[in-house]
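J.: Would you mind keeping the following structure in view while I ask a few things?
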Amino acid sequence: MADGLEGVVATSTRLSEVDGDGGRLTLAGYAVEDLAPNAAFEEVAYLFLHGRLPAPEEHARFARDLGRRRTLTPAVTLVLQEAAAAQTPPMDALRMAAPLLSLGREEQPLEDAMNAIAAFPTIVGSYRRLRNGEAPVPARADLTHAAHYLHQLFGSEPSAERARALETYLNTVCDHGLNASTFTARVIVSTRSDLISAITGAVGALKGPLHGGAPGPALDMVFEIGTPERAEAVIRARLDRGERLMGFGHRVYRVRDPRADVLAKAAEQFYARAGDRRLYDLARRVEATALRLLRERKPDRRLDTNVEFYTALLLHGLDLPPAFFTPTFAVGRVVGWSAHCLEQLRDGRLIRPQSTYIGPSGLHYEREAATTLRVET
């Protein structure tokens, strides 16, 4: 039996291929390092929903369609207001709001997918503002998807550099094989449940720290080190205490996570034009020192940089607080969840694995002597 289903092939997909030994990620036929930094988010979303990149007129029409779906219903806004009043963690607020996207609407899988992709940036951005005591800003249909999200978060139209950095990130994390949240979504929709229910379940799976990851702590280590000269001493001390270095190592990749390279380049380009270049230089020094010491201490294991390290650096540069790193991941990953649900509805069967029973057997139930309950009147 495979612990945690590791190594078990549960389905076939045209959406993404994760080559853990070779360090390659293919997104609907395109290498992540080719697609993510060059394509518009709307092109990637169209590719995943329709199986091909759009022609220019299709791209424009698709972007307009997403734009007109961005405004939240009063019910969603009310839930976000109540969650903010209770200072609910952002992933919980997203989990509460997501199922309301189907309120008053007929179940239509592709329509549900479009609504979820369009609404997630508005939900997360509005919630950040509400949690900070600020009013949400009206959704604008004229902005690109990435620019719209930053506008929702901060209330002002972002620069082209900021929008491109976020767009590259969203494209990079849009899908990644049959991970826990994507598998959850496919299991739910395989019962012929609705797509919004499946996406809500995926949000619940992503909320768990073993899947949603810990990009924030990866950057915390950089801040703790503070200057390049301290990198070796701080990292050695952490390894001496048996601590894990966040941002290094991956369950699937046995070599460097290819998404880390994409986001490292995006971070370099962003910090060259905006943000604190010293932080970027420090992070690169910390990364190099960590990799050297990990190979020194654990020569039999490949613990390379993963997507979390440069996720933290890039999203911090965009002024996102760490509590919103995982919700921002969901803003990108909802594309993959939606596409997997559509694929499962089209091609898949009910997902019903078997289990191995390891409990006791041969027990016998013995009924105690019957007693009569007397009720006093």
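Any read-out appearing in this document is the output of simple, stated calculations on the displayed coordinates, not a laboratory observation. What you are looking at is a predicted structure, and each value in this text was computed from that prediction instead of being measured. Using ideal geometry, Cβ is built from the backbone for each residue, glycine included, and neighbour counts are taken over all protein chains shown.
J.: Under the Karplus relation 6.51 cos²θ - 1.76 cosθ + 1.60, θ = phi - 60°, what is the ordered set of whole-Hz ³J(HN,Hα) values for segment 262-270, x standing for Gly and Pro?
T.: 4, 6, 4, 5, 4, 5, 4, 5, 5
J.: Also, I was wondering about something else. Under 1.5 on a/c is rounded, so check that first for segment 215-317, then, if it is not, pick prolate when a/b is larger than b/c and oblate when it is not; a ≥ b ≥ c are the square roots of the alpha carbon gyration tensor eigenvalues.
T.: Taking the square roots of the gyration eigenvalues as a ≥ b ≥ c, segment 215-317 is oblate.
J.: Enumerate the calculated ³J(HN,Hα) couplings along segment 305-312 in order (Karplus 6.51 cos²θ - 1.76 cosθ + 1.60, θ = phi - 60°), each rounded to whole Hz, writing x wherever the residue is Gly or Pro.
T.: 5, 10, 5, 5, 4, 7, 4, 4
J.: Rounded, prolate or oblate for segment 91-238? Axes are the square roots of the Cα gyration tensor eigenvalues, ordered a ≥ b ≥ c, and the cut-off for rounded is a/c under 1.5.
T.: oblate
J.: Here's another thing I want to ask about it. Please compute the net charge surrounding LEU130, taking Lys and Arg as +1 and Asp and Glu as -1 over other residues with Cβ under 14 Å from its Cβ.
T.: After counting each charged neighbour, the total is 0.
J.: Applying a 10 Å radius around every beta-carbon, put 193-199, 221-227, 331-337, 341-347 in order of their mean neighbour count, most first.
T.: With the highest mean Cβ count within 10 Å placed first, the list reads 331-337, 193-199, 341-347, 221-227.
J.: Can you compute the FRET efficiency between TYR357 and GLU17 using 1/(1 + (r/R0)^6), with r the Cβ-Cβ distance and R0 = 35 Å? Round to the nearest 0.05.
T.: 0.55
J.: Work out, step by step, the length gained on full extension between ALA31 and LEU110: first 0.36 nm times the residue separation, then minus their alpha carbon distance; give nm to one decimal.
T.: Answer, rounded to one decimal: 25.9 nm.
J.: Kindly state, to the nearest 0.05, the FRET efficiency for ASN38 paired with TYR365, given R0 = 56 Å and r defined as their beta-carbon distance.
T.: 0.25
J.: Once phi is turned into ³J(HN,Hα) by the Karplus curve 6.51 cos²θ - 1.76 cosθ + 1.60 with θ = phi - 60°, what whole-Hz value does each residue of segment 42-51 show in order, with x for glycine and proline?
T.: 4, 5, 5, 4, 4, 4, 6, 7, 10, x
J.: Moving to a separate point now. Around THR305, which amide H atoms from residues at least 5 apart in sequence, or from another chain, sit under 5 Å from its own amide H, with H modelled in the peptide plane?
T.: GLY249, ASP257
J.: Sorting check: for 311-320, 263-272, which peptide has the highest mean count of neighbouring beta carbons within 10 Å, and how do the rest follow?
T.: Order by mean packing, descending: 311-320, 263-272.
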